[in-house]
Structure formats: structure tokens, C-alpha cells
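> Take a look at this one; I'll ask things after.
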Amino acid sequence: MSLRFEISKTGGPARKGKLATPHGEIETPVFMPVGTAATVKGVSQDLLEQLGVQILLGNTYHLYLRPGIDQVRQLGGLHCFMSWPRAILTDSGGFQVFSLSDLRKLTEDGVTFRSHLDGSSHFLSPETAIEAQIGLGADIIMAFDECTEYPAEASRVRDSMEMTLRWAARSKKYFHEHKHEVSWNLDGATAVHARRDKSAVPSNAEHRSAGRVGAPAPTCSQENTQALFGIVQGGMDHALRKESAERTIEIGFDGYAIGGLSVGEPRSLTREIVESTIEHLPKDRPRYLMGVGTPEEIVEYSNLGIDMMDCVLPTRAARHGLLFTSEGKISIKQARYAGDQNPLDPSCSCQVCVRYSRAYLRHLYASNEVLAQVLNTIHNLSYYLDTMRRVRHSI
Ligand SMILES: [Zn+2]
């Protein structure tokens, strides 16, 4: 195993633990902000470090199309390219191919699709998706799967699940044959620090401690390779979810994700499927619930025993002026905030809430200022990260 996972405390089904990756340790349960195109939109990497982000999610589909996997690989991998010393997880690209691209053609072999950027034709398969993720060099990478749509006929859900299982086996085979080709196994991780040392002398203790986190984790004594997670599918069918979990575990992965949820089904059903799927996952491996959720949901799923989650919601909502606070959601565009001198969230100690008023944030948003997106994103990410800190503390 290239990933060490230790559970230090449990509270009912909830688990508090530590995940040691080649690029630092992650406290779980953890929320992973989405950095689609090698950036969490609107927020620089030094700020993400200050906010306490321990792991970012990158989207293989977007990076594959632009700037291209070979380009990133030649620049030392994703950590080095974007100067992010901490952990990264990449998805397999499958979900985005299914949701963003045109003219898909799906076969047993893989999926042919046209780029949403320029219409060019591409092919992703279990092998090419893992090859791309080895090229990007994230600490945790994902097997190539098919996210079954909702609703779907029973036979369609089974066929899709069966193909995901065959793709899982092919993903694992390719990974084991090629995992030593990861760029930071050569010099990527050190290159981040070399550039940092030359360009910026840290000016305070926080920065110095942030810099150290980027060094390979001393607790990660195994050889430094990436970790591969398998993905459980099976639609909204409890029996198929059980079967998918058992057969994915048989193939054997470093961690297990629950995919195919938050695809339009009612929330109560999502929760039911998560709860029943968790029962079939190994206790000693990290569990990753893909694509959730609201602040309430990330608390709820942590309490059910999920260790990792990601979602575009805090960052995307921020760019649309929708802010999560301890007093509920605030739509900062509303005229009622035009003269409101209160902080956005009186209980939040983020740099935005400490410094700026609702009136100012409302003005920035109404004026379409770039700073509106930056400040709104900083607050929403702080709110999510604080929520997870409280969850970990409560376990
Ligand atoms: Zn705040």
C-alpha cells in the first residue's frame, strides 16, 4: 500500500483519522476543494495553504485537454506545475466526459469524445485515464468508471456496473505496470521547493510551517508511489451496490469511493445508498464520497463514516454570490445588504469576515468586480474547512 491510513478515534460510525500521502498528511474526515484546471478559481495557492487546505482535487479531463498531460508531465507533474506542495487527488476524467463533452461513443474499450473547447476528437479508456493520471502525478488517483445516469432501468444499471468492474480491473492492471513512471518520483516534489526557495523567503511562522507540510511525509515510509482508489457503482439499487462493493474490494484498491450519487436523485435516497454501501466497505481503508455536498451534508456523511468528500459547491456558489454562513445561506446580491455594515458571518474568523462588511461585499458583487469572486470564495472555503474541523473535533 502506498497510502497509510490510521483511524485514531471513532464516534458511532464516524471515524477520525490520518491519511499519509507522499505530499503530506491529511486529517480526516476531509473536504477537498476542487481545483479544476490546476487552480481553485479565484484563490492563489499560498492562500489555500493559509486556509489549511490539505488536499486539492484536480480534473483530469480539463488538464488533459488544456494544457495537456505531456506538458504537465514535462513541467514536473501537477504539484510542481501549479506550485502546490500538499496532496492532490485527480478524478479519472470519466465523469466529465459524460457530462461535458459532445458526441460521445461508448464501447467496451473506452469512450471517444469531442472536446468541449475546440471539437477535437479524443479517446479515454481505463488505460489512457490511468496513464494521464500518472502523468499528472496526483497522490491519489481514481479508476476509470462509468457514472450511471439517474433514473435508469434495472438492466442498464447492472450492465453499467459490470462494465465499471471490468474497467476497474483494467485500471488496476495498467497502474501496477506503470506506477513507477510518476514524475515526482524523479524530481517533481523537490522542484516545488527549489522554486519557492529562490522566489520567496517566507516572512512569518505560518508560511514556514506551511512550507514544511509540503515535504514528503516522514510517516510515509513506503516507497513513494501514487495510490489508486476503486469506485463503487450500482445506481440506487442496494443489492447492486453491495455486489459492486464486494467485487471492487476483490480487485483490491488503496481506498474506495462511492460514485454515481448526487446525479439528480432525492437527497433521502442519496443518504440511504451511502449508508448501505458503507456497510460493505473495509473499515481500514479510506472511504471517499464523490461530489457532495452542502455544509449540512458534509457533516451528515462524515457522521455516517465517510472520510473524504469533494464538491464544486462552495467555490461555484461563491462566484454566484451565494455564501454559506452560520446563520444560513446569504445571497449577497440582494439590495437588503447595500447598507449592512455587519460582517458576512459574525461567527466566522476568516480574513473576509474580519475585515469587510456585507455592504462592501454586496457592492463588489453588484459592480462585477474580480475581488468579489476572490473574497466570496475565500469565505466559503473557510466555512467548509471550519465545518470539517468542528466535525473532526466532535468525533
Ligand atoms: Zn468568513
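> Report, ordered by the first and then the second residue, all pairs with beta carbons closer than 8 Å, sequence separation of six or more or different chains, a first member in the range 120-136 that is at negative phi, and a second member that is open to solvent by less than 40 Å² (accessible area, probe 1.4 Å) and of a type in the set (D, E, K, R).
Cβ pairs passing all conditions: ILE134/LYS179.
> Which of the residues that make up the range 333-348 are within 12 Å of the ligand (Cβ to nearest atom) and under 18 Å from VAL374 (Cβ atoms)?
Passing the criteria: PRO343, LEU344, ASP345, CYS348.
> Another one. With the condition being farther than 29 Å from ARG271 by Cα and open to solvent by 10 Å² or more (accessible area, probe 1.4 Å), I'd like the helices (runs of 4 or more DSSP H) fully within the range 1-116 carrying at least 3 qualifying residues.
Numbers: elements: 45-51, 60-65, 69-74, 78-81, 94-100.
Correct list: 45-51, 60-65, 69-74.
> Do you know which residues across the range 5-33 are of a type in the set (D, E, K, R) and more than 15 Å from ILE278 (Cβ to Cβ)? If you could, list the steps in order and put the result at the bottom.
Taking the range 5-33 first, the residues of a type in the set (D, E, K, R) are 6, 9, 15-16, 18, 25, 27.
Selection gives GLU6, LYS9, LYS16, LYS18, GLU25, GLU27.
> Can you tell me which residues in the range 371-392 are buried (at least 21 other Cβ atoms within 10 Å of the Cβ) and more than 13 Å from the ligand (Cβ to nearest atom)?
ALA372, MET388, VAL391, listed by residue number.
> Go through the range 233-252 and give me each residue that's crowded, with 23+ Cβ neighbours inside 10 Å and part of a loop (DSSP other than H, G, I, E, B). Full working, then the answer.
Of the residues in the range 233-252, the ones crowded, with 23+ Cβ neighbours inside 10 Å are 233-235, 241, 244-245, 248.
Matches in the range 233-252: GLN233, GLY234, GLY235.
> Then there is this: Of everything in the range 284-307, what is touching a residue at least 24 places away in the same chain (Cβ under 8 Å) and of a type in the set (D, E, K, R)? Give them in sequence order.
ASP284, ARG285, ARG287, GLU297, GLU300, ASP307, listed by residue number.
> Quick check: anything in the range 284-300 open to solvent by less than 10 Å² (accessible area, probe 1.4 Å), under 19 Å from ASP91 (Cβ atoms) and assigned to a helix (DSSP H, G or I)?
yes
> Count, please, the residues in the range 118-135 that happen to be aromatic (Phe, Trp, Tyr) and under 19 Å from PHE253 (Cβ atoms). Spell out how you get there, then give the answer.
Of the residues in the range 118-135, the ones aromatic (Phe, Trp, Tyr) are 123.
Then drop every residue that is not under 19 Å from PHE253 (Cβ atoms), which leaves none.
Residues that pass the stated criteria total 0.
The values are calculated or read from the model by the stated rules, or taken from the named source; none is laboratory data. All figures in this text were calculated on a predicted structure; none of them were measured in a lab. Virtual Cβ from ideal backbone geometry, glycine too; neighbours counted across all protein chains shown. Surface areas here come from the heavy atoms of the whole protein model, side chains and all, with no ligands, DNA or RNA. Shrake-Rupley method; radii C 1.70, N 1.55, O 1.52, S 1.80 Å.
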